[in-house]
Amino acid sequence: MDYAILIVTLVTILFLGLAGKKKHDTLEDFFLGSRNLNWLKIGASLFATNFSASALVGITGAAYLTGIAIYNYEWIGILALIFMAIVLYKMLLGSGVFTISEYLKKRYDHRVTIFYSIFMIFMIIFIDLAGALYVGGLILSSLIPSLSVSNVILLAVIFSGVYVLAGGLAAISRTDSLQFLIIIAGSITVAYFSFASIRLLDDFQAGLPPESFSLIRSLDDRAVPWPGLITGIPILCAYFWFANQNMLQWGLSAKSLRDAQFGLIFTGFLKLSVFFILVIPGVFAAVLFPGIAEPDRVYLILLTELLPAGALGLAMTGLVAALLSNTDSSLHAATTIFTLDLVRRRKPNLNDKQLIFISRTFTLVIMIVSAFWAREIDKFDTLFEYVQSTLSYSIAPLVTVYVGGIFLNALRQTQLFFHYLSVLPAH
C-alpha cells in the first residue's frame, strides 16, 4: 500500500510536469513562466522549494540535538519575507529583470555581477541541490532497501530533470502545486503520530534540559547563541530570501506586484506551521528515542517506528515531493543564472531559442555534478550543520554587495568589487 501511494503520486507529478506546452519561443516563457503566476502558485512553490527534504531531515535532527532554538531561522525568515513583499519586490518587478545579477548591473560594473553569478551558481549546486539529494538518498534508501543512496540520487535528478528540461518554470509550478499539498499532508502525519506517542506532557518536559524549550540561548550555546539572532541568522535569511535565485525566481514570475506580495505573505504564514510539524516532532524524538548517534536519521526513525502502513506511505511520499520540489527549482535557478547572466553577456547575438537550448544543456551538466557531490555531505556531523556552516562562511560579502547596491547609492563600483574579493578569503 505504501509503495502504491508513492507510485501513483510520482506518475501524477510527471504527468503535470509534462502536461504543458513543450515549445518555448521567448526567454520569459521558459525562464519565468511568461510572468503569469498568481499569488497562490507563487506561495505554494516558494514553500515547497523552501520546505525541502533538507529541511525535513535537517531541522528535525537539529531540534533533536538542541531543542526549539532552531526555529529562530524560521521566524526571522518570516520577517525577511515581509520585508521582501513590502520593499524589495517593488524595485525588482519594476526593473523587469530575470535575475538579481541583472539588477546589480544597474549599480555595478561587469566584474561584480559576473562574480556574483558564479558564486550563486556554486551555492545553488553545492548547498541547495546537493543537500536535498543527499537527504533523499539517505532516507529513501533506508525505506526502500532495493535502492542505494546513489540510486535514489540518480533517479531524483533524472525524474525532475525531465520536466524541467521540457517545460521550464511553468512546468515546475504545476508540479509544485501538488507537491506542496503532499508535503503538508506528509508532515502533519508525522507530527500527529509524534504527538500521540507523548502520553504525559510533564514526563516529556522532565526528560529534557530546560534550555531545550528556549529560543534565546546563552553565549556558549552550540545551536544559536543569542548574538546570532542579531548578526548571524539575519544575514543567512537575507541571502536565502533576498539574494538566492532559487527563491527570487518565483516572485519575478508574478503577473503583478500584488500577486508577488501576496505570494510571499502566504509563504510566511505557512512557515508558522514549521514549529509544530518539524521542530516539535524533533524535540519529542529526543524523549522517545534518546541516544541516536546520527541526528540526520531522526526523521527516518520517526517514520519507521511510529507510523503504521498507509500513514508511512503518505509521509514517504511527502519526503519524495520535498526532494523533487527543491531539485527542480534549484536546477532551473542555476541554469537561469548561467544562461542569462554569463552566456548572454558573452554572446549577445544569440536568439532566445539558442539560449534556451544552452540552458537545457547546462541543466544536464548540473544534474551530473550535483549527483556526484551529494555523496560528500555525509562527512559532516549533521545536514543542518553542513548547510549553515557553509553559508555562514561564504555569504556575508554577497549580502553586503547586494544590499549595498540597493540602498547605498554612494558606494563606488571598484570599492564594492574589492570588498567582495577581500572578504571572501577571510571567511
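Would you kindly state how much longer the chain becomes between Ile188 and Val162 on full extension, computed as 0.36 nm times their sequence separation minus their alpha carbon distance, in nm to one decimal?
Values: separation 26, 0.36 × 26 = 9.36 nm, distance 2.93 nm.
Separation in residues times 0.36 nm, less the Cα-Cα distance, equals 6.4 nm.
Return the carbon/sulfur percentage of the accessible area of the stretch 98-200, one whole number, probe 1.4 Å, all protein chains in place.
Values: 2450 of 3430 Å².
Carbon plus sulfur share of accessible area: 71 percent.
Net charge near Asn246: determine it from the other residues with C-beta under 12 Å of the C-beta of Asn246, scoring Lys and Arg +1 and Asp and Glu -1. Mind showing how you got there, number by number?
Values: positive: none; negative: Asp128, Asp328.
Every neighbour counted, the sum reads -2.
Suppose R0 equals 35 Å; then what is the FRET efficiency for Ser256 and Ala19 from their Cβ-Cβ distance, rounded to the nearest 0.05? Working shown, then result.
Working: r = 25 Å, r/R0 = 0.71.
Taking R0 as 35 Å, the efficiency between Ser256 and Ala19 is 0.90.
Once the other residues with Cβ under 15 Å from the Cβ of Ala85 are scored (Lys, Arg +1; Asp, Glu -1), what is the net sum?
Working: positive: Lys90, Arg258, Lys271; negative: Asp259.
Once all neighbours under 15 Å are counted, the net charge is +2.
Hey, can you grab everything whose amide H is under 5 Å from the amide H of Arg217? Only 5+ residues off in sequence or another chain; H modelled, so Pro and N-termini drop out.
Close amide H contacts, sequence-distant or interchain: Trp226.
With just the Cα atoms defining each centre, how far is the stretch 287-346 from the stretch 10-61? Give it in Å.
14 Å
Determine the gain in length on full extension of the stretch Phe195-Ser177; use 0.36 nm per residue of separation and subtract their C-alpha separation, reporting nm with one decimal. Please list the in-between numbers first.
Details: separation 18, 0.36 × 18 = 6.48 nm, distance 2.76 nm.
Full-extension gain reported as 3.7 nm.
Indicate the gyration tensor shape class of the stretch 1-147 (rounded, prolate or oblate), computed on the Cα atoms with a ≥ b ≥ c the square roots of the eigenvalues: a/c under 1.5 is rounded; otherwise a/b larger than b/c is prolate and the rest oblate.
oblate
For the pair Asp221/Ser34, report the inter-label distance in nm, with labels modelled 7 Å from Cα in the Cβ direction.
4.9 nm
Taking the simple approach of a point 7 Å from Cα along Cα-to-Cβ for both His110 and Val369, what is their distance in nm?
2.1 nm
I need the peptides 362-374, 82-94 ranked by packing, meaning the mean over residues of other C-beta atoms within 10 angstrom, with the highest value on top.
Answer by packing, highest mean first, reads 362-374, 82-94.
Could you order the peptides 230-243, 255-268 from most to least packed, using the average number of other C-beta atoms within 10 Å per residue? Let's see the in-between values first.
Working: 230-243: 19.1, 255-268: 20.7.
In decreasing order of mean packing, 230-243, 255-268 become 255-268, 230-243.
Take peptides 147-159, 127-139, 29-41, 174-186 and line them up by average Cβ neighbours within 10 Å, highest first, as a rough protection proxy. Write down the numbers at each step before the final one.
Numbers: 147-159: 19.2, 127-139: 27.6, 29-41: 20.9, 174-186: 22.5.
Ranking, from highest mean packing down: 127-139, 174-186, 29-41, 147-159.
Sort Glu294, Glu102, Glu376 by accessible area with a 1.4 Å probe, largest first.
Details: Glu294 105, Glu102 35, Glu376 65 Å².
My answer, sorted largest first, is Glu294, Glu376, Glu102.
Starting from the Cα of Glu305, step 7 Å along the direction of its Cβ; do the same at Ile82; then give the gap between the two resulting points in nm.
Spacing of the two 7 Å Cα→Cβ label points: 3.8 nm.
The values are calculated or read from the model by the stated rules, or taken from the named source; none is laboratory data. The structure displayed is predicted, hence computed values, not measured ones. When we count neighbours, we look across all protein chains shown, and the Cβ atoms used for this are built from the backbone with ideal geometry, even at glycine. All accessible areas refer to the heavy atoms of the entire protein, side chains included, with ligands and DNA or RNA removed. Shrake-Rupley method; radii C 1.70, N 1.55, O 1.52, S 1.80 Å.
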